[in-house]
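Asker: Structure provided below as structure tokens; questions to follow.
The values are calculated or read from the model by the stated rules, or taken from the named source; none is laboratory data. Please read all numbers here as calculations on a predicted model, not as lab measurements. Ideal geometry is used to build each Cβ from the backbone, glycine not excepted, and the neighbour counts take in all protein chains shown. What goes into the accessible areas is simple: the full protein's heavy atoms, side chains included, and nothing from ligands, DNA or RNA. Shrake-Rupley method; radii C 1.70, N 1.55, O 1.52, S 1.80 Å.
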Amino acid sequence: MTSTDQADNAVAATTPSAHRRRLGVPAVTLMIIAASAPLTVLAGGVTTTFAVTGVTGVPLSFLILGVTLAIFAVGYAAMSRFVTNAGAFYSYVARGISRPAGVGVSIVALVSYNAMQIGVYGLFGFQVSSLLNAKFGWDVPWWVPILVCIALIAVLGVNRVDLSAKVLGVLVALEFVVVIVYDVAAFIVAPEGVSAEALSPSSLFVTGIGAVFAFGIAAFMGFESAAIYGEESKDPKRTVARATYTAVGIIALFYALSSWAMTVGSGPSKVIADATKQGPDLIFTFLSTNVGVVVSDIAQLLFVTSLFASLVSFHNAVARYFFSLGREGVLPRWLSRVRASSGAPWAGSVTQTALAVVVIAVFAIASVGWVPPEGAPAALFPVLTLFSWLTNSGAMGLVLLMAVVSVAVIGFFRRDQHGVGVWQRLVAPVVSGVALLVVFVLILVNFNVLLTSNPTAPATATTFILPAVVIVPGILGIVWGAILKRRNPRVYAQIGHGTEETGAPELVPED
């Protein structure tokens, strides 16, 4: 260990973490909901699901997924009372299964969250570029607004986390207002009457159900945020559980209601055709026609801020994973550095920002000379590649992680029940683990549909490469964990334990 490392650790050992505990249940709940970006899910995800699958039972799918994740949250929240670590899934698996498995999960989580965050930039760049062109006639390349957005998120990422929470709170509140206006108008217009057809099992349990669940699970992808912010919560033992249950309930009910409103607003017999023809514009066109052009314009602007909110949330999650793994020595220790003034993990934040810039640069170069699929405009490049490829890959990885965490909960309480009942420590994790594994298999089976938005399109190289990009690093992580056991027993012993153990490296302030 160098003298610098010794000095850092000396400072870390005396650095209190209490000043980081700024977040209550509402703030953490907003972090979870913001990651799913309500307006983005409805305008982008739900319309795409209708168009690609041809299944009208999307509203029911949100309720089923909500119940599944609520059951998952039973064991997950129970374990959160005994494990508080910014690494969340990583630390849960390390403590519940094995340290090498924890390292493998940490790498999958890093890849998945980075993929989700960077992939959303593709939709953001396309939407801002299109909006500037439509409203002002400015021909701005899609990657320009992305770089501006990266810079803004970089500033938020190295400042106090409750600053991000306040920004997200305003944006999410405005999104909810717009979507509620759309919902009310849809039920009022109702060209075919207020039909509950989309909520019937016969509308969902048909060919294409796998793709519906695959799209739908992405709406819950901020799910881990509660545990990620455990070390920055005012009362981790209560905040994590309450925020998780609250967010899952809100997301499931709100998206089920709003997607049902979409079927009513277009009419059950026309919603598939409307979604296929208009895509995200389905909502904005409806608002313009039935509510007012001004409301439609505001909704389009909030669609952009919705994406921004999602980007901030995922950025914060990635930064905290880097921090946790750096603190424990699984990755270079400099990643554990935080700002003394705010407690924000600035090293992890900057690293995520750098990765985003590199990936965007690669895709920007690749867009030159790109030949779009038949019938698609060239402007859709960032949506059909960057957004579709990376976000679906990330969602697949995170579903796999949740299935593994279900097993970890069982393993953790098998060693010591901690006074937890059999429903929390065994039954609920088994049920959720099986259900999530089924969803994961369905995503793999439907992966080509998710990439191409075309059920009849032949499989391409990306159909196999992208899942491998998520899964293979996890296998390598397991191997790295085994190597650490042999080469560095001290680091190995600390895996998954964060600051909970005596002598654990704590927060390392910036120099």
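Asker: Could you grab me the full set of residues in the range 429-452 that are buried (at least 21 other Cβ atoms within 10 Å of the Cβ) and modelled with pLDDT under 75?
Answerer: Residues satisfying the conditions are V449, L450.
Asker: Of all residues in the range 205-222, count the ones that are of a type in the set (F, W, Y) and open to solvent by 40 Å² or more (accessible area, probe 1.4 Å).
Answerer: Of the residues in that region, 1 qualify.
Asker: Can I ask one more? Just name the residue that is farthest from A395 (Cα to Cα) out of those in the range 466-479 that are under 21 Å from the mean Cα position of the chain (by Cα) and open to solvent by 60 Å² or more (accessible area, probe 1.4 Å).
Answerer: Top of the filtered list is V472.
Asker: So A340 passes all but one of these: (1) over 16 Å from G125 (Cα atoms); (2) buried (at least 22 other Cβ atoms within 10 Å of the Cβ). Which condition number does it fail?
Answerer: (2)
Conditions (1) within 30 Å of N448 (Cα to Cα); (2) surrounded by fewer than 19 Cβ atoms within 10 Å (Cβ to Cβ); (3) of a type in the set (K, R), marked per residue:
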position	(1), (2), (3)
F323	no, no, no
P332	no, yes, no
L335	no, no, no
L355	yes, yes, no
V358	yes, yes, no
I365	yes, yes, no
V383	yes, no, no
R414	no, yes, yes
G421	no, yes, no
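Asker: Tell me the helices (runs of 4 or more DSSP H) entirely within the range 1-92 that contain at least 1 residues that are modelled with pLDDT of 85 or more.
Answerer: Working: elements: 3-14, 25-36, 47-53, 58-80.
Of the helices (runs of 4 or more DSSP H) lying wholly inside the range 1-92, those with at least 1 residues that are modelled with pLDDT of 85 or more span 47-53, 58-80.
Asker: Right, another one. If a residue must be touching a Lys or Arg at 6+ places or on another chain (Cβ under 9 Å), modelled with pLDDT under 85 and either among the small types (G, A, S) or part of a loop (DSSP other than H, G, I, E, B) (or both), how many such residues does the range 454-502 contain?
Answerer: 5
Asker: Look at A408 and say whether it is surrounded by 15 or more Cβ atoms within 10 Å (Cβ to Cβ) and of a type in the set (G, A, S).
Answerer: On the way: surrounded by 15 or more Cβ atoms within 10 Å (Cβ to Cβ): yes; of a type in the set (G, A, S): yes.
So A408 passes the test.
Asker: Separate question: Any chance you could count how many residues in the range 127-154 are assigned to a loop (DSSP other than H, G, I, E, B) and touching a residue at least 60 places away in the same chain (Cβ under 8 Å)?
Answerer: Qualifying residue count for the region: 2.
For (1) part of a helix (DSSP H, G or I); (2) small (G, A, S); (3) modelled with pLDDT of 90 or more, each residue gets a yes or a no:
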site: A214; (1), (2), (3): yes, yes, no
site: P268; (1), (2), (3): no, no, yes
site: A275; (1), (2), (3): yes, yes, no
site: T289; (1), (2), (3): yes, no, yes
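Asker: Just for the range 93-109: of the residues that are within 17 Å of S393 (Cα to Cα) and either modelled with pLDDT of 90 or more or touching a strand residue (DSSP E or B) at 6+ places or on another chain (Cβ under 8 Å) (or both), which one is surrounded by the most Cβ atoms within 10 Å (Cβ to Cβ)?
Answerer: If we take residues in the range 93-109 being within 17 Å of S393 (Cα to Cα) and either modelled with pLDDT of 90 or more or touching a strand residue (DSSP E or B) at 6+ places or on another chain (Cβ under 8 Å) (or both), then V105 is surrounded by the most Cβ atoms within 10 Å (Cβ to Cβ).
Asker: Can you name every residue in the range 151-169 that is exposed (fewer than 15 other Cβ atoms within 10 Å of the Cβ) and modelled with pLDDT of 75 or more?
Answerer: A151, L152, V155
Asker: Give just the number: which of (1) assigned to a helix (DSSP H, G or I); (2) touching a residue at least 12 places away in the same chain (Cβ under 8 Å) does V427 not satisfy?
Answerer: (2)
Asker: Additional query: As an exercise: evaluate L331 against (1) at pLDDT 85 or above; (2) touching a helix residue (DSSP H, G or I) at 6+ places or on another chain (Cβ under 8 Å); (3) over 30 Å from R490 (Cα atoms) and give the number of the one condition it does not meet.
Answerer: Answer for L331: the failing condition is (3).
Asker: Scan the range 397-424 for residues that are among the aliphatic types (A, V, I, L, M), in contact with a helix residue (DSSP H, G or I) (Cβ under 7 Å, 6 or more places away or on another chain) and part of a helix (DSSP H, G or I) and jot them down.
Answerer: L398, V399, L400, L401, M402, A403, V404, V405, V407, A408, V409, I410
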